[in-house]
Amino acid sequence: MRRSFFCPSCGARVEFMWSSSVQTTCEYCHSILVRRDVDLTLVGKVSDLPPDVSPIQIGTEGRIKNQNFTVAGRIIYEYDGGAWNEWHLILSDGNSAWLSDAQAQYAVTVERAITPLPDQAEVYPGKRYKWDSVIYEATAITHANYRGVQGELPFEYWDKERATFVDLRAPSGGFATLDYSDEVPKLYVGDILDFDLLQMTNLRTFEGWS
Amino acid sequence: MSASIPPLPPQAPARTPQTGAPPVRTVFCQNCGGSVKINFVGRTVNVVCGSCGSILDAADPNVRVLQGAQDAIGKDTPVIPLGTRGKWRGQLYEAIGYQKRSITVEGQIYSWAEYVLFNPYRGYRYLTEYDGHWNDATPVTGLPELLGTRAVYLGRSHKHFQTATAVTRFVLGEFPWQVRVGDRAGVKDYVSPPYVLSQESVEGEITWTLGEYVLGSDVWRAFNLPGKAPAPVGVYLNQPSPSGASWKEVWLAFVMLVMAVGIVFFLDEALAGKDKVVDTTYRYTGPAASGDSSFVTPVFELKGRTSDVEIRTETDASNQWIFLNYALINNDTGQAYDLGREVSYYSGYDSDGSWSEGSKNDSALVPSVPSGRYYLRVEPEGDASLGPIRYTVIVSRDVPPWSLFLAAFGLLLVPPILMSWRTFSFERRRWAESDHPMVKTSSDDDD
């Protein structure tokens with residue numbers, strides 16, 4: 001199901017590797033391209049990305065809960081604790097998941113459509129919520145800056161500024177994020193996982209750190 | 001690139017692994033002009049100038065000074081030099097940051113060292129050191145549950161040890177978070193040796209780390225440090241007890257051993273011959289006119305292996321006493337086993353009610369008597385003024401020595417008591433430094 005286009009900005013060939021992807025970036029000129037009809041629309045451009053020390057890259061493969069995944073794209077954020085990536089994973093069943101690498105801790109989450117979700121103003125660290133009969137406690141509220149995108153994403157996402165995230169943890173070991181970067185909050189639930197558990201291949205290699 | 005000329009589609013960067021060292025940057029300290037290397041650009045948030053100790057913003061292109069020079073630069077040196085790599089817990093890590101923090105308890109300042117270890121794949125972990133005691137700490141991914149004075153995490157219960165305010169005194173190297181000298185954090189430690197769960201709260205944000213007690217010698221080996229690791233001083237909050245096994249395990253072993261010994265004795269009794277060779281009742285009416293009241297029993301045979309002989313005396317003494325001189329004599333060799341037994345029993349009433357003293361019966365064991373033909377010589381002596389005393393002499397062979405069982409019980413009791421005492425005194429020393437000392441000293445009275 002690969003579809004090839006030409007970048008409306010520079011003419012480079014742009015491929016959508018995944019049929020579920022809505023947005024991608026031109027690897028050559030870093031234009032942000034959105035697939036709305038049959039053609040690509042140029043919606044913006046990614047400025048220079050911050051230095052990247054994540055071992056994950058587009059094309060990295062791994063395993064999560066008996067499914068294989070491939071990294072298709074990412075959203076990059078910055079906050080006063082540094083930069084982090086939300087890597088867009090395509091699972092072997094075709095669904096999307098997200099792998100965040102903040103502080104070199106790896107959390108894999110999937111979007112969970114639960115309504116209503118709490119307003120940002122009412123959340124504070126220590127507050128507890130129960131979703132899918134799991135108790136979560138808000139542990140950190142992060143005000144981040146959207147820094148850029150790369151590769152394929154399952155929705156249109158560009159031209160953001162501030163984004164607020166609430167991290168929640170469950171006594172049973174679960175992890176969740178409330179994403180307030182859009183008008184309607186989104187909930188992602190999953191786990192923080194050990195690097196080795198993800199069995200990732202096609203990682204970036206660091207000299208002297210093989 | 002012109003849009004009118006269809007360009008050759010530029011070759012998109014291939015999706016092959018990128019390689020290269022993590023981006024390194026060398027900047028100049030705006031405070032002293034010294035050059036500062038940032039080894040993990042992008043991850044490192046703050047970096048400390050090695051010359052003047054100013055804390056710099058590693059994320060800022062201009063590497064702005066966040067906090068000025070530190071006095072302790074050059075005086076406080078980390079024992080793991082920053083930049084040292086070592087294989088720690090099976091993975092390569094580099095020591096990238098160092099900080100000294102302290103708490104103040106009853107006017108006394110306790111300070112410890114913290115090392116930030118980094119691996120670009122596996123992330124951060126920390127080594128802490130206090131008076132030669134080391135801990136390997138990792139971020140807690142789940143949420144410990146607080147239940148009273150305990151914190152439960154992954155099914156393990158940790159007991160509250162101390163609540164204090166940790167103050168950052170000195171920093172060096174690279175940090176993945178904002179760090180300043182003078183930073184204050186509320187710290188609560190919960191221990192379950194060899195683990196310590198530590199909660200830190202800064203401005204409402206709560207983070208947990210899990211520390212595991214490790215040996216300084218392991219740190220020395222992993223990072224190839226010169227010399228030997230200094231011996232730890234005192235007892236640390238999550239130091240495992242040196243007796244190894246917990247007191248519960250020791251006492252469980254004790255109960256098992258006592259049961260095993262009990263079974264052996266029970267079987268011994270079941271198998272014991274308990275051969276009654278004499279069972280005769282006599283009357284003592286007073287000293288014999290001849291002056292010699294002794295007599296002998298008929299000859300009897302003691303069979304089997306060399307073993308015990310029980311001489312049992314059962315009397316009807318009431319406010320009387322009788323003394324029996326026994327001699328167990330081998331009829332063939334003349335070898336004699338002498339023993340004297342006193343049996344006395346007194347009872348009555350007084351202002352406190354009824355009382356009694358002594359016993360009507362007595363039992364004595366003659367150990368290690370070889371088989372053979374024997375007789376018993378008996379010489380009674382007593383007080384028959386209140387009437388005659390009836391007494392029965394019972395001689396039996398191979399009686400299970402219950403006193404030995406008691407001795408075994410007592411001997412078995414020694415190790416668990418010693419170990420429990422050692423464990424107890426170790427725990428007392430551990431908790432003496434906590435908010436919950438086992439023995440209260442006068443200075444703790446205000447708790």
Report the convex hull volume per residue for the protein assembly as shown, counting only C-alpha atoms, in Å³. 283 Å³
If you line up the long axis of helix B:247-271 against the longest principal axis of chain B, both from Cα atoms, how many degrees apart are they, to the nearest 10? 30 degrees
Check: segment A:143-210 dipole with +1 on Lys, Arg Cβ and -1 on Asp, Glu Cβ, in debye: 140 debye
Histogram of C-alpha separations across segment A:10-105, 10 Å bin width, %: 14, 43, 34, 9, 0
Volume of the Cα convex hull of segment A:68-210, divided per residue and given in Å³: 134 Å³
Charge dipole (debye, nearest 20) of segment B:154-245; +1 at Cβ of Lys and Arg, -1 at Cβ of Asp and Glu: 260 debye
Where Lys and Arg each count +1 and Asp and Glu each count -1, what net charge lies around B:Thr297 among other residues with Cβ under 11 Å from its Cβ? 0
Starting from the Cα-Cα distance between B:Glu433 and B:Phe295, subtract it from 0.36 nm times their residue separation and give me the gain in nm to one decimal. 42.3 nm
With segment B:381-434 reduced to its Cα atoms and the Debye formula applied, log10 I(q)/I(0) at q = 0.13 1/Å amounts to -0.65
Over the alpha carbons of segment B:16-170, what is the largest minus smallest coordinate on each principal axis, giving the biggest first in Å? 51, 51, 27
Taking N as its residue count, the alpha carbon Rg of segment B:298-447 over 2.2 N^0.38 Å: 1.77
Charge dipole (segment B:67-199, unit charges on Cβ, about Cα centre) - positive-most of B:Leu92, B:Leu154, B:Ile80: B:Leu154
Summed over the other residues with a beta carbon less than 13 angstrom from that of B:Thr128, with K and R at +1 and D and E at -1, the charge totals -4
Could you give me D for segment A:65-125, from Stokes-Einstein at 37 °C and 0.692 mPa s, where the hydrodynamic radius is the Kirkwood radius over C-alpha pairs? Units µm² s⁻¹, please. 244 µm²/s
For the residues B:Ser198, B:Ser347, A:Ser20, what sequence is obtained by ranking on other C-beta atoms within 10 Å, fewest first? B:Ser347, A:Ser20, B:Ser198
Return the FRET efficiency for the residue pair A:Ala121, B:Thr163: r is the Cβ-Cβ distance, R0 is 35 Å, and the value is rounded to the nearest 0.05. 0.70
Given charges of +1 on the Cβ of Lys and Arg and -1 on the Cβ of Asp and Glu, with all other atoms neutral, how large is the dipole of chain B about its Cα centre, in debye to the nearest 20? 2600 debye
Which value in deg cm²/dmol, rounded to the nearest 500, describes the helix-derived mean residue ellipticity at 222 nm for chain B, given -39,500 (n - 2.57) per DSSP H run of n ≥ 4 and division by the residue count? -5000 deg cm²/dmol
With chain B treated as a Gaussian network of Cα nodes joined by springs under 10 Å, which of B:Tyr374, B:Tyr195, B:Tyr110 yields the largest mean-square fluctuation? B:Tyr374
Assuming R0 = 35 Å, can you tell me the calculated FRET efficiency for the pair A:Val22 and B:Asn62, based on Cβ-Cβ distance, to the nearest 0.05? 0.40
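Using a Förster radius of 22 Å, what is the FRET efficiency between B:Val152 and A:Asp194 based on their Cβ-Cβ separation? Nearest 0.05, please.
Efficiency computed from Cβ-Cβ geometry: 0.55.
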Give the whole-number value, in cubic angstrom per residue, of the convex hull volume spanned by the C-alpha atoms of chain B. 310 Å³
Segment B:177-213 residues near the modelled B:Glu249 label - backbone nitrogen below 17 Å, point 7 Å along Cα→Cβ: B:192-195, B:213
Check the straight Cα-Cα distances from B:Lys159 and name the aspartates and glutamates below 18 Å, setting aside those fewer than 8 residues away within the same chain. B:Glu145, B:Asp189, B:Glu200, B:Glu212, B:Glu427, B:Glu433, B:Asp435, B:Asp447
Can you classify segment B:115-162 as rounded, prolate or oblate using the Cα gyration tensor, where a ≥ b ≥ c are the square roots of its eigenvalues, rounded means a/c under 1.5, and otherwise it's prolate if a/b beats b/c and oblate if not? oblate
For chain A, whose charge dipole is built from +1 on Lys and Arg Cβ atoms and -1 on Asp and Glu Cβ atoms, the candidate among A:Thr142, A:Thr205, A:Leu153 with its Cα farthest towards the positive end is A:Leu153
For a quick check, take a GNM of chain B with Cα springs below 10 Å and name the residue from B:Val179, B:Val79, B:Val299 with the largest mean-square fluctuation. B:Val299
Using alpha-carbon coordinates, inclination of helix B:402-432 to the longest axis of chain B, degrees: 30 degrees
Which Cys residues of chain B have no other Cys beta carbon under 4.7 Å away? none
Taking only C-alpha positions in segment B:261-346, Rg and Dmax in angstrom work out to 16.4, 52
Farthest positive-ward along chain B dipole, Cα basis, beta-carbon charges - from B:Leu66, B:Thr306, B:Gly382: B:Leu66
Which of rounded, prolate, oblate describes segment B:336-421, given a ≥ b ≥ c as roots of the alpha-carbon gyration tensor eigenvalues and a/c under 1.5 marking rounded, otherwise prolate only if a/b is larger than b/c? oblate
Pick out which of B:Ser396, B:Ser290, B:Ser192 has the largest mean-square fluctuation in a Gaussian network model of chain B, springs linking Cα atoms closer than 10 Å. B:Ser290
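A short reminder: the numbers here are calculations on the coordinates, not readings from a lab. Everything quoted here is computed from the prediction, not taken from an experiment. For neighbour counting, all protein chains shown are included, and Cβ atoms are generated from backbone atoms with ideal geometry for every residue, glycine included.
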